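Undergrad: Here it is, the structure, as structure tokens.
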Amino acid sequence: MNLRHLEMRLERLAGFARPSARLEQYQTPPAVAARLLFHAYMQGAIEGRAVCDLGCGTGILACGAALLGASSVVGIDIDPGAVAAARKNADAVDAQIGFLVGDVRDEGFDWSSLRCDTVVMNPPFGAQKAHADRPFIDRSLQLASEVYGIFNGGSSPFVAAYTEGRAAVEEVIACSFPMRRTFAHHRKDRADIAVEVIHYRRI
Amino acid sequence: MRRDLLDILCCPVCKGGLVLTVVEENDEEILEGSLLCEACGASYPICAGIPNLLPPGIE
């Protein structure tokens, strides 16, 4: 499967029926998801690897990882409605994915049971709630040594500083995508959003 | 929820072992049922094939 083929498969998946602004839910753009996944795949971080999608939403990264031959995929999200949609998406592409409703901030949860090779994630950027992405970064490093995440454009200095001593930022890939008006507070019908795919490795 | 997922799950409240109760299942997975913590008694529903491990009382 090549990059374009992957993107076409991911484009057919369903997004959020009723997105929540508080949880910063928006459909991960298929082009950005495919870019992240294919890049990780080319580096040997997906095929034959155990992959976890933290804050999986409607499961686009989890489904893509399964399509690229991950040995096991687990998707976890706090929103039961999103996880139900993710499960339908996984069924639609015939992917075997274990989905859970859970909270990445939950310290009581036995996270060691979910240890894996690679974490892929599109965490909240913290646009609605400051530092909402930090628990995702902390948890990702607990679960896996290789992490590929989608962050706000210009986030890499923050991610590098926040993970100092714990991880090294290996790569930053800048992308942008058009976001359609999703929430009442969005003023434009469509806006180009700059994002970065950041790959960091536990040290 | 496939049965093998149960191997890696434990109670998010107290890390106790979870006991599965199946209400409905098919050849591949459990569709409806619950996970009960043996240690603290907390119960977690499995709805439409998805286990919900949010601590009870948190929405």
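Undergrad: Please give the residues of segment A:54-70, grouped as numeric ranges, whose backbone N is less than 16 Å from a label point set 7 Å along the Cα-to-Cβ vector of A:Arg12.
TA: A:60, A:63-68
Undergrad: Can you pull out the GluC sites (Glu not before Pro) in segment A:98-203 that DSSP calls coil and that have at most 16 other Cβ atoms within 10 Å? If you can, show how the numbers build up before the last one.
TA: Working: sites: A:Glu107, A:Glu146, A:Glu164, A:Glu170, A:Glu171, A:Glu196; in loops: A:Glu107, A:Glu164.
Those satisfying the criteria are A:Glu107, A:Glu164.
Undergrad: With point charges of +1 on the Cβ of Lys and Arg and -1 on the Cβ of Asp and Glu, referenced to the Cα centre of segment A:71-172, which listed residue (A:Gly165, A:Gly98, A:Ala84) lies farthest in the positive direction of the dipole?
TA: Most positive-ward Cα: A:Ala84.
Undergrad: Something else: Hey, rough spin-label estimate for A:Ile203 and B:Cys14, points 7 angstrom out along Cα→Cβ, what's it come to in nanometres?
TA: If labels sit at A:Ile203 and B:Cys14, their model points lie 4.2 nm apart.
Undergrad: Taking the Cα centre of the protein assembly as shown as origin and charging only Cβ (+1 Lys, Arg; -1 Asp, Glu), how large is the dipole, in debye to the nearest 20?
TA: On the way: 25 positive and 33 negative charges, 198 e Å.
Once rounded to the nearest 20, the dipole reads 960 debye.
Undergrad: Using only the alpha-carbon atoms of segment B:3-51 as identical scatterers, what base-10 log of I(q)/I(0) does the Debye formula give at q = 0.15, 0.16, 0.25, 0.26 Å⁻¹?
TA: -0.35, -0.39, -0.89, -0.94
Undergrad: DSSP H helices in chain A with Cα extent of 15 Å or more along the helix axis and mean Kyte-Doolittle hydropathy at least 0.5? Write out the running numbers ahead of the final one.
TA: On the way: long enough: A:30-42 (17 Å, 1.01); A:80-92 (18 Å, -0.18).
Going by DSSP H runs, the hits are A:30-42.
Undergrad: At q = 0.08, 0.09, 0.14 Å⁻¹, work out log10 I(q)/I(0) for the protein assembly as shown with the Debye formula, treating every Cα as an identical point scatterer and leaving solvent out; two decimals please.
TA: Scattering profile of the protein assembly as shown, log10 relative to I(0): -0.30, -0.38, -0.94.
Undergrad: A:Asp133's amide H: which non-local residues (gap 5+, or another chain) put their own amide H closer than 5 Å, with H modeled 1.01 Å from N in plane and none for Pro or chain starts?
TA: A:Gly126
Undergrad: Hey, another quick one. Round to the nearest 0.05 the FRET efficiency obtained for A:Asn152 and B:Thr21 when R0 = 30 Å and r is the Cβ-Cβ distance.
TA: Working: r = 43 Å, r/R0 = 1.44.
Calculated transfer efficiency: 0.10.
Undergrad: List A:Leu114, A:Leu61 from most exposed to least, where exposure is judged by having the fewest other Cβ atoms within 10 Å.
TA: Numbers: A:Leu114 22, A:Leu61 33.
Ascending Cβ contact count within 10 Å gives the list A:Leu114, A:Leu61.
Undergrad: Which of A:Phe38, A:Phe16 comes first, and how do the rest follow, when ranked by fewest Cβ neighbours within 10 Å? Kindly include the intermediate steps, with their values, before the conclusion.
TA: Details: A:Phe38 20, A:Phe16 17.
Arranged by neighbour count, lowest to highest, A:Phe38, A:Phe16 become A:Phe16, A:Phe38.
Undergrad: Ratio of segment A:1-79's C-alpha Rg to 2.2 N^0.38 Å, to two decimals?
TA: On the way: Rg = 12.3 Å, N = 79, 2.2 N^0.38 = 11.6 Å.
Rg over 2.2 N^0.38 Å, computed on Cα atoms: 1.06.
Undergrad: Which distance in Å, rounded to a whole number, links the C-alpha centroids of segment A:122-138 and segment A:14-33?
TA: What the calculation gives is 15 Å, centre to centre.
Undergrad: Along its principal axes, what span do the Cα atoms of segment A:46-94 show, with the longest given first and each in whole Å?
TA: Projected onto its principal axes, the Cα set of segment A:46-94 covers 29, 21, 11 Å.
Undergrad: Kindly provide the helix-only [θ] at 222 nm of the protein assembly as shown, computed as the sum of -39,500 (n - 2.57) over DSSP H runs of four or more divided by all residues, to the nearest 500 deg cm²/dmol?
TA: -7000 deg cm²/dmol
Undergrad: Determine the gain in length on full extension of the stretch A:Ala168-A:Arg4; use 0.36 nm per residue of separation and subtract their C-alpha separation, reporting nm with one decimal.
TA: Numbers: separation 164, 0.36 × 164 = 59.04 nm, distance 2.94 nm.
Taking A:Ala168 through A:Arg4 to full extension adds about 56.1 nm, to one decimal.
Undergrad: Stick to the Cα atoms of segment A:77-177, pair each with every other, and give me the Kirkwood hydrodynamic radius in Å at one decimal.
TA: Values: mean 1/r = 0.0661 Å⁻¹.
Here the Kirkwood hydrodynamic radius works out to 15.1 Å.
Undergrad: Then there is this: What order do you get for B:Cys10, B:Cys40 when you list them from fewest to most C-beta neighbours inside 10 Å? Numbers along the way, then the final one.
TA: Working: B:Cys10 21, B:Cys40 12.
Sorted ascending by nearby Cβ count, the order is B:Cys40, B:Cys10.
Undergrad: Right, another one. A:Ala21 to A:Ala194: FRET efficiency via 1/(1 + (r/R0)^6), r the Cβ-Cβ distance, R0 22 Å, to the nearest 0.05? Let's see the in-between values first.
TA: Details: r = 20 Å, r/R0 = 0.91.
Calculated value: 0.65.
Undergrad: Expressed as a rounded percentage, what relative contact order does chain A have, with Cα pairs under 8 Å and six or more residues apart? Walk me through the numbers before you get to the answer.
TA: Values: 421 pairs, mean separation 36.6, N = 203.
Dividing the mean separation by the residue count of chain A yields 18 percent.
Quick note: the coordinates plus some simple rules give every number you see, no bench work behind them. Everything numeric here is computed off the predicted structure, so don't read it as measured data. Cβ sites come from the backbone with ideal geometry, for glycine too, and all protein chains shown count toward neighbours.
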